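Here's the structure we're looking at; comments come further down.
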Amino acid sequence: MSVTQTWQSNDARLNTLARHKEDLLLHWNRPSVYWPERTHSITSCGLSKRQEELAQPKPVHTKYKLDRPSAIWPVKPSSLLAVPSPRIEHLAEAKHVNPEWNEDRSVYSIVSDGAKKANATTRVQQLATPKLRVSSAPPFITKSPEEEENESFCPKRLSSPTARTEALAVPKAEYPGFQHDLPVERKVPAPVLHAQASDRVCQLAKHKIRKSLNEGYDPYKISSAAKNVEASPRLVELSTPPARRQRTKKL
């Protein structure tokens, strides 16, 4: 490719890129931006027969009623004179309870007459007798010979506490320097009731009157000490304006 052809191709490319973009929103009848060759056709909207059929509302059933006329449904005469079959009668029977089913036991236990008239054996009476310890048995209870025989087989467990156990069992003593809480009601001694307060105590007993920050403050009031003060030479020097700003008063 020669230089002239290359220059012409670049010029054509630049002219193509220099053109403004076409506004696709102006072509309202254009079906899609992906098919520019079909811009001459105009899109027409319409429904097919199937779509019109599906758009129709569903018809109401011919035997549909808005509501029942009454809570009592009318029974046909044929239903009143109908005879149930043996199968229907069999299905209508109530279900029998399982023979192994037992009712819940009552809260109150019932003792049978045989248990009330039964005689306990010697072994049952021996097991029913509570055990009595030597340390916990009251002194007025007399033991039966059987109990004494049972105790003869059981060794007595008697133990005395050691000195260390008795020392630990002693309650802890109170600290001698401990101060108990003062009682709420305390008696005032007679000298205090007849005492007379001094002037200093009366002065200290008066509450302090507090004022707000700017209450009674006069910014234009000059104190007597400020009126009689004499300025130092340094203050006079600092308060004197410079010579360039001093002007003679014209008379």
A chain fully extended from Ala163 to Arg133 at 0.36 nm per residue, minus the present Cα-Cα distance, gains in nm 8.3 nm
Expressed in nanometres to one decimal, the distance between label points 7 Å along Cα→Cβ at Gln246 and Leu182 is 7.4
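Readers should treat all values here as calculations from the given coordinates under stated rules, not as data from a laboratory. In this text the structure is predicted, and so the values were computed from the model without any measurement. Note that we place each Cβ from the backbone using ideal geometry, even for glycine, and neighbour counts take in every protein chain shown.
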